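The values are calculated or read from the model by the stated rules, or taken from the named source; none is laboratory data. All of these numbers come straight from a predicted model, not from anything done at the bench. Don't worry about glycine lacking a Cβ; one is built from the backbone with ideal geometry, like all the others, and counts go over all protein chains shown. Each accessible area value is taken on the protein alone, full model and side chains, heavy atoms only, with ligands, DNA and RNA left out. Shrake-Rupley method; radii C 1.70, N 1.55, O 1.52, S 1.80 Å.
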Amino acid sequence: MARQVLVIEDDADIARLVQLQLADLGCAVRLAGDGASGLAEAQVRDYDLVILDLMLPGIDGLEICRRLRARPGYVPILMLTARSGELDRVLGLEMGADDYLTKPFSVLELVARVKALFRRVDSLASRSAQAGQVIENGGLRIDVERRQVALDGRPVELTATEFDLLLHFARHPGRVFSRSQLLDQVWGYSHSGYEHTVNTHINRLRAKIEANPNRPEYVQTVWGVGYRFRDAPRS
């Protein structure tokens with residue numbers, strides 16, 4: 001079956017361009033031109049992807065993202081923004097967006113990001129055999145099936161991408177990953193120049209799971225190479 005995609009974008013030319021490109025990927029695309037109608041559409045149908053403009057008339061993209069993440073079930077969200085400031089990108093990620101594109105963007109990059117998100121969803125589905133797995137390392141506990149994390153018995157709220165990043169690390173304790181490897185294996189794409197995406201998520205993840213983010217215990221920096229997750233303590 002065709003993947004169902006909702007594009008919430010008030011610029012009609014951009015919306016039609018996205019629709020045409022995704023149609024070439026075999027997607028069935030529905031358009032919404034404002035925040036209220038886009039949110040209503042996202043709440044009444046199940047979509048495989050929501051492409052969401054940050055600046056929308058009525059309800060803005062951040063609020064739509066927040067409301068969708070408050071609902072049961074998971075849908076990938078790709079945020080579009082005309083703003084290039086780091087704060088806007090971080091706010092989108094904080095609200096639960098999986099990825100973002102800054103306008104103007106190239107068609108090739110749009111297609112690459114969409115394919116990457118689809119691969120991530122497919123990869124998560126293919127891991128259903130490991131759904132009951134629980135990973136523990138020190139005071140950190142990761143429930144794979146429920147996508148829940150606890151630190152010393154206290155729940156830790158992570159975005160979808162932060163959870164995927166932590167799970168990838170925890171499944172390979174002691175192994176060093178470069179930023180480009182993490183882009184490829186967690187985000188599903190590898191583009192030079194986007195390593196800052198990894199840095200942003202690492203910093204946010206550390207702020208949530210480390211007692212002292214400046215001296216991380218779990219996600220450690222290997223200078224000049226990348227990052228690794230600490231080896232599980234021996235019992």
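Tabulated values for the structure
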{"quantity": "Selected residue (criterion: nearest to Ala116 (Cα to Cα)) from residues of region 43-52 that are out of contact with any Cys (no Cβ under 7 Å at 6 or more places or on another chain) and open to solvent by less than 10 Å² (accessible area, probe 1.4 Å)", "calculated": "Leu49"}
{"quantity": "Condition met for Ile8 (under 23 Å from Ala160 (Cα atoms) and among the β-branched types (Val, Ile, Thr))", "calculated": "yes"}
{"quantity": "Any hit, region 79-102, residues being under 15 Å from Thr159 (Cβ atoms) and β-branched (Val, Ile, Thr)", "calculated": "yes"}
{"quantity": "Subset of region 64-116 [assigned to a helix (DSSP H, G or I), open to solvent by 20 Å² or more (accessible area, probe 1.4 Å), at pLDDT 85 or above and in contact with a helix residue (DSSP H, G or I) (Cβ under 7 Å, 6 or more places away or on another chain)]", "calculated": "Arg67, Val107, Val111"}
{"quantity": "Cβ-Cβ under 8 Å pairs, at least 6 apart or on other chains, region 105-120 side within 12 Å of Leu80 (Cβ to Cβ), far side charged (D, E, K, R)", "calculated": "Arg113/Asp99"}
{"quantity": "Failed item in (1) surrounded by 12 or more Cβ atoms within 10 Å (Cβ to Cβ); (2) more than 21 Å from the chain's Cα centre (by Cα), with Gly26 passing the rest", "calculated": "(1)"}
{"quantity": "Boolean, Ala15 is in contact with a strand residue (DSSP E or B) (Cβ under 7 Å, 6 or more places away or on another chain) and either in contact (Cβ under 8 Å) with a residue 40 or more places away in the chain or under 22 Å from Ala70 (Cα atoms) (or both)", "calculated": "no"}
